[in-house]
1. Gain in length, residue 208 to residue 275, computed as 0.36 nm per residue apart minus the alpha-carbon separation, to one decimal in nm?
2. Largest first and in whole Å, give the semi-axes of the range 1-55's equivalent ellipsoid, each being the square root of 5 times a Cα gyration tensor eigenvalue.
3. Distances longer than 23 Å among the Cα atoms of the range 88-216: what percent of all pairs is that?
4. Would you mind checking the tilt of helix 99-114 against the longest principal axis of the Cα atoms of the chain, expressed as 0 to 90 degrees and rounded to 10?
5. Any idea how far apart residue 24 and residue 7 come out in nm if each label point goes 7 Å out from Cα toward Cβ?
6. Could you pull the Cα extents of the range 254-357 along its three principal axes, largest to smallest, in whole Å?
7. Just subtract the alpha-carbon distance of residue 40 and residue 344 from 0.36 nm times their residue separation and send over the number in nm, one decimal.
8. Where does each of 85, 3, 286, 178 land when they are ranked from fewest to most other beta-carbon atoms within 10 angstrom?
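None of the figures in this text is laboratory data; all of them are computed from the coordinates on show. Just so we're clear, the structure is a prediction, and the values are computed from it rather than from any experiment. Every residue, glycine as well, gets a Cβ built from its backbone with ideal geometry; the counts of neighbours run over all protein chains shown.
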Ligand SMILES: [Mg+2]
């Protein structure tokens, strides 16, 4: 089974509402979709996202891909490509073109070649994963925020993550109160500050939220990603958990674990490195959780790992690209049983969002 052809698509998805946090605000998603085809007619699909600025025009994406990626893929077998352990050094660090799209498409091909959904290929036995609703709400009014919560409640979610980190702590407290109004106090409530605070401010806010009656399941990314000492201080807080790691590469995650600075390690992005990070976390006795993944493909990773607490769901526009998106029901995600990642492109949607630039 050899790779013989590829296709790239440049997409522009206008979001129905602004998403973001205490640091960023986005109203567009630019996505690159990669299709890899084998000589025996299988097609693997991968995705890459850019927020905050448009991707280069399709012609430029294509010439970069032709120059940097295609010579290594043409005629290659997907099995070897997915399992190779790379050791980037020097100028090779971080230089890959569309690494996530390429890896996702390759795993999709491997799953299809052996006739297994990815979660089973990775050794999982149960397609069901606990999921939490994530509102990405920092730029929404209270009314819009409440409407998002109502919609997630109607879908059956019993765990919710909301944005905090407003300069005025009363804003944070009001939003947390709205969550309790909609879901009741039984909800697993998580907050994400997206690095808004100093360690001291994070300690203060954690205590204030608790003193005001909010029982937080976790606090996510309270301080700068590489402040391992600061994270070690925060992980000592006994009444909540610290979730971080989202913004760190593999080495950063290792240093975080070594520092004792995390209670729930946030993994996502590329499957290979996420699996390695999850295994490393397990060695420290630390569970993992998955942040948002494109078209929710991370459900396969989550369903295959022994200590994955839950995965994030934000009901984003990218799910409109799937003929049959990953199913979320009753507060759980269900990994598709189709071979590969199981996400087949809806050609009408692909054409609708297509923007060669
Ligand atoms: Mg986050």
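1. Net length gain for the segment: 20.5 nm.
2. Working: eigenvalues 206, 16, 14 Å².
Taking √(5λ) for each eigenvalue gives 32, 9, 8 Å, largest first.
3. 54
4. Approximately 70 degrees, to the nearest 10.
5. Between residue 24 and residue 7, the label points sit 2.9 nm apart.
6. Cα extents, longest axis first: 48, 35, 23 Å.
7. Numbers: separation 304, 0.36 × 304 = 109.44 nm, distance 1.81 nm.
Value of the extension gain: 107.6 nm.
8. In increasing order of surrounding Cβ atoms, one gets 85, 178, 286, 3.
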